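Everything on this sheet refers to the single structure shown next.
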Amino acid sequence: MSHSYYDQVKEATDYISALIDTPPSIAIVLGTGLGNLTEDIDIIKRFKYEDIPHFPPATVKGHAGELIYGEMGGKKVIAQSGRYHYYEGYDMKEVTLPIRVFKMLGVERLLIASATGGIHEDYEAGDITVVNDHINLHHENPLNGPNDERFGPRFPDMSDAYDPELIALCHEIAIDQGVKLHDSVYGGLPGPNLETKAEYNFLHIIGATVVGMSTVPEIIVARHMGLSSCVLTAVTNKCYPISAIREVTHEEVIEVAAKVEQKITGIVKELINRL
Ligand code: HPA
């Protein structure tokens, strides 16, 4: 095999490296309804997925699919606009390819924002959370198959997969900004359907407090490579207690995420300032 996965990651990295002066130190991944943060980046260069070697084409309607390299808070950042979701048909190696490229580019911190359902009685639609831990309920793992030691160990430790220092910083910033920020445990499912009432109840019982269809594969890979990570989520729909569950559409998820976007953006921007 001439082209190992490692070689693919390296070729994508080399392509980007050759076109930028200074490596980014922070990567930002933006989920459903939370893409506007890129407007705060002083853009230096855009990389369309179709131009980056081995990047799968973006499929979702209206999503350009690009990496945005620029400056924010005096730091070089790279943002992923248009995420690869497993439910779109990408495999886990494709979903997590950008994370591997970020790390190989020199990124030290990974910041992710995503939409979630809230499965804690105190979480309301429109609240935001910082993830402390996760429960992986995906049936496919991005680390499945032979391990390439150049990326990381066969059996990566998953304690503190969410950098405690960054969580503490998020709380400090939220207090300064007068924003309520919950700690959360992210239950990761492949989707694309939302959960049944019994499934929301199950997630609550096993200790998850938010649920979403992304993020967990990315965090596993980030941890595999020793990349420090921080995840903020928008609670777009209340899913606990069961009596509070209402039918929800994807449009509503996007709408609520857009409404709380400013709270998340405010924290992320200040986090980058302080790093
Ligand atoms: N379930 C899974 N993913 C989600 C939800 C949900 O209720 N809301 C937003 N993303």
Problem set entry | Surrounding net charge for Leu169, when Lys and Arg each add one and Asp and Glu each subtract one, Cβ distance under 11 Å | -3
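Give me the number: length gained by fully extending Tyr15 to Glu108, i.e. 0.36 nm times residue separation minus the C-alpha to C-alpha distance, one decimal in nm.
Working it through step by step, the gained length comes to 31.5 nm.
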Problem set entry | Given charges at Cβ of Lys, Arg, Asp, Glu: the chain dipole, positive-most of Gly70, Asn141, Gly33 | Gly70
Exercise. Charges only on Cβ, +1 for Lys and Arg, -1 for Asp and Glu: so what's the dipole of region 38-182 about the Cα centre, in debye to the nearest 20?
Worked result: 660 debye
Exercise. GluC sites (Glu not before Pro) within region 166-272: which are DSSP loop residues with at most 14 other Cβ atoms inside 10 Å?
Worked result: Glu247
Exercise. Charges only on Cβ, +1 for Lys and Arg, -1 for Asp and Glu: so what's the dipole of the chain about the Cα centre, in debye to the nearest 20?
Worked result: 260 debye
Exercise. Lysine pairs in the chain with alpha-carbon atoms under 15 Å apart, 8 or more places apart or on different chains: how many are there?
Worked result: 11
Problem set entry | Computed label-point distance, nm, for sites Thr59 and Lys75 using a 7 Å Cα→Cβ extension | 3.3 nm
Exercise. Which residue fluctuates the most in the chain, going by a Gaussian network model with Cα springs under 10 Å, if the choices are Ala198, Ala174, Ala115?
Worked result: Ala198
Problem set entry | For Lys75, solvent-accessible area (1.4 Å; no DNA, RNA or ligand), Å² | 40 Å²
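Taking only Cα atoms of region 2-274, what ratio of Rg to Rh do you get with Rh as the Kirkwood inverse-distance radius?
0.94
Calculate for the chain the 222 nm mean residue ellipticity that helices alone would give, adding -39,500 (n - 2.57) per DSSP H run of length 4 or more and normalising by residue count, nearest 500 deg cm²/dmol.
-9500 deg cm²/dmol
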Problem set entry | Integer Hz, Karplus 6.51/-1.76/1.60 couplings in order for region 268-275, x for Gly and Pro | 4, 4, 6, 4, 5, 3, 7, 6
For this session: Please get the size of the charge dipole for region 93-163, origin at its Cα centre, with Cβ charges of +1 on Lys and Arg and -1 on Asp and Glu, quoted in debye to the nearest 20.
Result: 560 debye
Exercise. Going by alpha carbons, how many degrees (0 to 90, nearest 10) lie between the helix axis of 197-206 and the longest principal axis of the chain?
Worked result: 70 degrees
For this session: Quick one: accessible surface of Asp160, probe radius 1.4 Å, all protein chains present, in square angstrom to the nearest 10.
Result: 100 Å²
Problem set entry | Accessible area expressed per residue, the chain, with surrounding protein chains retained (probe 1.4 Å, Å²) | 44 Å²
Exercise. For the chain, which whole percent of the accessible surface, found with a 1.4 angstrom probe, sits on carbon and sulfur atoms?
Worked result: 50 percent
Seminar exercise, completed: For region 2-274, the charge dipole (Cβ of Lys, Arg +1; Cβ of Asp, Glu -1; about the Cα centre) points to a positive end, and the Cα of Gln177, Ala12, Val216 closest to that extreme belongs to Ala12
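The values are calculated or read from the model by the stated rules, or taken from the named source; none is laboratory data. Since the structure is predicted, the reported quantities are computational estimates derived from the model, not experimental observations. FYI the Cβ positions are ideal-geometry reconstructions off the backbone, even for glycines, and counts take in every protein chain you see. Just so you know, the surface numbers come from the protein's heavy atoms only, side chains and all, with ligands and any DNA or RNA stripped out. Shrake-Rupley method; radii C 1.70, N 1.55, O 1.52, S 1.80 Å.
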